[in-house]
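In what follows, a single structure is set out as structure tokens and then discussed.
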Amino acid sequence: MMKSIFFGIVALMFAAVVMQQDQASAQVTDTDAPSSTDEWNYMNRSCSAKLQDQINKEFDAAIFYMQYGAYFAQYQVNLPGFEKFFFNAASEEREHGMKLIEYALMRGQKPIDRNTFSLNFANPAARVDAEQGSVALTALKAALAKEQEVTKSIRELIKICEEDHNDYHLVDYLTGEFLEEQHQGQRDLAGKITMLSKLLRTNPKLGEFMFDKQNM
């Protein structure tokens, strides 16, 4: 059941991306310099390309979290708190990706480049060895690393579009809409990692189970 739900969500995600791309296919793509007819949608090419890259990263993060959610939903693992946490995180990242697609379309840009759009479907349990005997702790640390990666990419996008090309509207949107949520998410994950680590040291056999029930 969970497997069918997982692949159903993935299929819907790709359908949404393809639909949005088809809608954008008629938009002007040469953004090196605006012509007399397309000044309204001018965005420097390097800024637009980095925006496309950020959309890619948001959907990649969504798949990353969805994989962990599916892992913890398995009957052999059965940690419903972690399952819910990672599926919610996947939904948030997908929402971020859709918001950036909508923004790109509003600016008259091509939101997705078929030549560079790719997603990672690796087995989450095989990424790294379980720390302190806990895949849950490993997952939280991997999630924090993923959030740091996404935050760094957003900062790079802001730098390219502001310092190099004075695209203040996009910069304001990213700063107000995305960065605060990124910092809050990183703080929450850091706190969860600390608490779970303490529980595992105190009671290695029950720590993960107790944390899943009380803190996720």
Handout entry: The lone exception for Ala190 - which of (1) free of Cβ contacts under 8 Å to residues at least 40 places away in the same chain; (2) surrounded by fewer than 19 Cβ atoms within 10 Å (Cβ to Cβ); (3) among the hydrophobic types (A, V, I, L, M, F, W, C) it fails
Key = (1)
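Can you confirm whether the stretch 196-207 contains a residue that is within 15 Å of Phe85 (Cβ to Cβ), part of a helix (DSSP H, G or I) and open to solvent by less than 40 Å² (accessible area, probe 1.4 Å)?
So the first thing to find is which residues in the stretch 196-207 are within 15 Å of Phe85 (Cβ to Cβ), and the list is 196.
Right, trim to part of a helix (DSSP H, G or I) and you get 196.
The next check asks that each one be open to solvent by less than 40 Å² (accessible area, probe 1.4 Å); those that pass are 196.
Yes - at least one qualifying residue is present in the stretch 196-207.
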Completion exercise
Exception for Ile112 within (1) part of a helix (DSSP H, G or I); (2) of a type in the set (Val, Ile, Thr); (3) modelled with pLDDT under 95; (4) crowded, with 18+ Cβ neighbours inside 10 Å falls at (1)
Fill in the blank from the handout: Of (1) in contact with a Lys or Arg (Cβ under 9 Å, 6 or more places away or on another chain); (2) at pLDDT 95 or above; (3) more than 19 Å from Ala73 (Cα to Cα), His183 fails just (1)
Handout entry: Every residue from the stretch 161-216 that is in contact with a strand residue (DSSP E or B) (Cβ under 8 Å, 6 or more places away or on another chain) and of a type in the set (A, V, I, L, M, F, W, C)
Key = Leu196, Leu200
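Here are some residues: Lys141, Lys152. Which one is over 30 Å from Val77 (Cβ atoms), open to solvent by 60 Å² or more (accessible area, probe 1.4 Å), out of contact with any His (no Cβ under 7 Å at 6 or more places or on another chain) and at pLDDT 85 or above? Spell out how you get there, then give the answer.
Numbers: Lys141 fails: over 30 Å from Val77 (Cβ atoms).
Result of the check over Lys141, Lys152: Lys152.
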Completion exercise
Of those in the stretch 155-173 that are in contact with a Leu (Cβ under 9 Å, 6 or more places away or on another chain), free of Cβ contacts under 8 Å to residues at least 40 places away in the same chain and of a type outside the set (Val, Ile, Thr), the residue least open to solvent (accessible area, probe 1.4 Å) is Glu162
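For the stretch 70-89, how many residues meet the condition of being free of Cβ contacts under 8 Å to residues at least 40 places away in the same chain and either assigned to a helix (DSSP H, G or I) or on the phi > 0 side of the Ramachandran plot (or both)? Spell out how you get there, then give the answer.
Here is the first cut: in the stretch 70-89, the residues free of Cβ contacts under 8 Å to residues at least 40 places away in the same chain are 75-76, 78, 83, 87-88.
If we keep only those that are either assigned to a helix (DSSP H, G or I) or on the phi > 0 side of the Ramachandran plot (or both) too, we end up with 78, 83, 87-88.
Final tally of qualifying residues: 4.
The values are calculated or read from the model by the stated rules, or taken from the named source; none is laboratory data. Only a predicted model underlies this, so the values are computations on that prediction, with no experimental measurement involved. Cβ atoms come from the backbone with ideal geometry, glycine included; neighbour counts cover every protein chain shown. Areas reflect the complete protein model, heavy atoms only, side chains present, ligands, DNA and RNA absent. Shrake-Rupley method; radii C 1.70, N 1.55, O 1.52, S 1.80 Å.
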